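Trainee: Here it is: the structure, laid out below.
No value in this document is a laboratory result; all are computed from the given coordinates. Fair warning: this is a prediction, and the values are worked out from it, not measured in the lab. Cβ placement follows ideal geometry from the backbone for every residue including glycine, while neighbour counts extend to all protein chains displayed.
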Amino acid sequence: MSILIFNRLPYYDVPYDKWLEDLNEPLVILTEQKLAPAFQEKARALSFENYDYNNAVEFVALQMAKKNPFRRIVATAERDILRAARLREHLGIEGQSLESALAFRDKVKMKTLLKAANVKVPPFAEITSVIDLVRFIEAEGYPVVVKPVDGMGSRNTTILHDDEDTIAYLAEGLTPHLEVEKFIEGEMYHIDGIVLDGVIELCWPSKYLNNCLAFQEGKYLGSYLLEPENPLTPRLQRYVTNVLHILPTPQYTTFHAEVFHTPEDELILCEIACRTGGSRICEEYRQAFDLDLTKLAVQAQCGLPVTVPEQVRSGRGPKTQIGFIGIPPKQGVFLSAPKADELPDWVTEYRLLAEPGQYFDGPHTSVDYTVTLVVTGETEGEVLARLEEVADLFERNTVWQSK
């Protein structure tokens, strides 16, 4: 027996061999080509071109299962949730069911379930033809948001403000599996945490800097944890707890919810995922709560005993205020950026993801970055000011060459 892991994350974030060494079981890791070398030194790792959409990934997994059955199947990224659930169902393996995976991955199914339970969601509709889109616009008016029902990272998400936008959008042709929603005015928050043995052990909110579509304008994305004293902290915790109780939430999972807070003081769900938040959200939680969300979820799914720190069990909140920022690439050739020793000591993590001479044609998703930074501070306000300070520092001191 072995453990099958679908993977889209770099080894430094998910050292599965270390996390699962107490199992003394072989690990089989299926991943994309650029990530495979780091894993091949630690486990049996197979690489695939076009990993996200390559259905040979599942075929190879099924062929391998015939020779050496899998005891558990693990997925830590959005694109792999349904892959893993379908294989579990076919092979009769314990873990998140296909019904549960669909409820978290299919935005139409998700919002239908929640709307029926009186959770406030944006007006929405599935798009199977231009008629569906036109009917929705006539009923709700502009602006509207069109996106894949199973999208991730705000990829292929478009805001239509008027008929001119709609004509330009439709000129490219409608792709399958789309939904349309009414655009919601408001500030965006994300709420992250972990469920262990059916119990929500941690649920803590953060406020986004800019919004998840800011990358389309070349703007940075970031967020910072809310303080326990912030009036929205308990409201958002109760709201997301209710959502998790309504949906068929797995017994062991991390979660990442996005919620609008409107000018009318309403909370409206954008969406919720059954995986750890992207970018440096996991690192924020490591520093703020002394726990690794993904590590605990992977270990628990594989049957290892896990515990959360007393600070988390007591609900005291973060030990320090934390925030992160991700700076997207410009169009051109990256030449240089500030060095780590040139940054203030309140920058607790700095990752330069671009190499000198590397060409970029701009960002394509909300998590396409050249630089990520994590900062700490005593208050929300101090963290926010520091995030804005490092954003300005990198804007002024990062060198690009037009091409």
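Trainee: What does DSSP give for the chain in terms of the percent of beta bridges that are antiparallel, rounded to the nearest 5? Write down the numbers at each step before the final one.
Mentor: On the way: 61 of 75 bridges.
In the chain, approximately 80 percent of DSSP beta bridges are antiparallel ones.
Trainee: Right, here's the next one. Compute a Gaussian network model of the chain, connecting alpha carbons closer than 10 Å, and tell me which residue from Tyr169, Tyr239, Tyr369 fluctuates the most.
Mentor: Tyr169
Trainee: By the gyration tensor of its Cα atoms, with a ≥ b ≥ c the square roots of the eigenvalues, what is the shape of the range 280-399: rounded for a/c under 1.5, prolate for a/b over b/c, or oblate? Display every interim value, and only then the final one.
Mentor: Details: a/c = 2.90, a/b = 1.62, b/c = 1.79.
Oblate is the answer for the range 280-399, as a/c is 1.5 or above yet b/c matches or exceeds a/b.
Trainee: Among the GluC sites (Glu not before Pro) in the range 134-201, which ones are in a DSSP loop with at most 15 other Cβ atoms within 10 Å of the Cβ? Mind listing them? Write down the numbers at each step before the final one.
Mentor: Details: sites: Glu138, Glu140, Glu164, Glu172, Glu179, Glu181, Glu185, Glu187, Glu201; in loops: Glu172, Glu185.
Listed in order of number, the matching sites are Glu172, Glu185.
Trainee: Whole-Å semi-axes of the chain's equivalent ellipsoid, largest first, each the root of 5 times a Cα gyration tensor eigenvalue?
Mentor: Values: eigenvalues 177, 152, 120 Å².
The three semi-axes for the chain are 30, 28, 24 Å.
Trainee: Quick one: compute the contact order of the chain, relative version, from alpha carbon pairs under 8 angstrom and 6+ residues apart, as a percent. Kindly include the intermediate steps, with their values, before the conclusion.
Mentor: On the way: 790 pairs, mean separation 54.0, N = 403.
RCO, the chain: 13 percent.
Trainee: If the reach is capped at under 18 angstrom between alpha carbons, list the aspartates and glutamates near Lys219, excluding any in the same chain fewer than eight residues apart.
Mentor: Glu187, Asp361, Asp368, Glu388, Glu389, Asp392, Glu395
Trainee: What GluC sites (Glu not before Pro) does the range 1-81 have in DSSP loop regions with at most 15 other beta carbons within 10 Å? Mind showing how you got there, number by number?
Mentor: Working: sites: Glu21, Glu32, Glu41, Glu49, Glu58, Glu78; in loops: Glu41, Glu49.
Here the sparse-neighbourhood loop sites are Glu41, Glu49.
Trainee: Along the charge dipole of the range 261-348, Cβ charges K/R +1 and D/E -1, which of Pro329, Ile281, Thr294 sits furthest on the positive end?
Mentor: Of the options given, the answer is Thr294.
Trainee: About the Cα centre of the range 6-79, how large is the charge dipole given +1 on each Lys and Arg Cβ and -1 on each Asp and Glu Cβ? Please answer in debye to the nearest 20. Display every interim value, and only then the final one.
Mentor: Details: 10 positive and 11 negative charges, 51 e Å.
That gives the range 6-79 a dipole magnitude of about 240 debye.
Trainee: With +1 on each Lys and Arg Cβ and -1 on each Asp and Glu Cβ, how big is the dipole of the chain about its Cα centre, in debye rounded to the nearest 20? Intermediate results must be reported in sequence, preceding the final value.
Mentor: Values: 40 positive and 60 negative charges, 292 e Å.
Charge dipole, the chain, about its Cα centre: 1400 debye, nearest 20.
Trainee: Separate question: Taking amide hydrogens as modeled 1.01 Å from N in the peptide plane, which residues meet the under 5 Å criterion relative to Val74, leaving out close sequence neighbours?
Mentor: Leu4, Ile5, Phe6
Trainee: Also: How much length is gained if the chain between Leu9 and Thr379 is pulled fully straight, taking 0.36 nm per residue apart and subtracting their Cα-Cα distance, in nm to one decimal?
Mentor: Extra length available between Leu9 and Thr379 comes to 130.1 nm.
Trainee: Mind putting a number on the dipole of the range 1-151 about its Cα centre? Charges go on the C-beta only, +1 for Lys and Arg and -1 for Asp and Glu, and I need it in Debye to the nearest 20.
Mentor: Numbers: 21 positive and 21 negative charges, 39 e Å.
Computed charge dipole of the range 1-151: roughly 180 debye.
Trainee: Per Stokes-Einstein, at 37 °C and 0.692 mPa s, what whole-number D in µm² s⁻¹ belongs to the range 243-316, with the Kirkwood radius over Cα pairs as the hydrodynamic radius? Each step should come with its number before you reach the end.
Mentor: Details: Rh = 14.0 Å.
Answer, rounded: 234 µm²/s.
Trainee: Same structure, new question: Starting from the range 318-389, pick out the trypsin sites (Lys or Arg not before Pro) whose DSSP state is loop and whose Cβ has at most 11 other Cβ atoms within 10 Å. Show your work: numbers first, answer last.
Mentor: Working: sites: Lys319, Lys330, Lys339, Arg351, Arg386; in loops: Lys319, Lys330, Lys339.
When the trypsin sites (Lys or Arg not before Pro) of the range 318-389 are filtered for loop state and at most 11 Cβ neighbours within 10 Å, Lys339 remain.
Trainee: Tell me the label-point distance for the pair Tyr53, Thr241, using the 7 Å Cα-to-Cβ offset, in nm and rounded to one decimal.
Mentor: 4.2 nm
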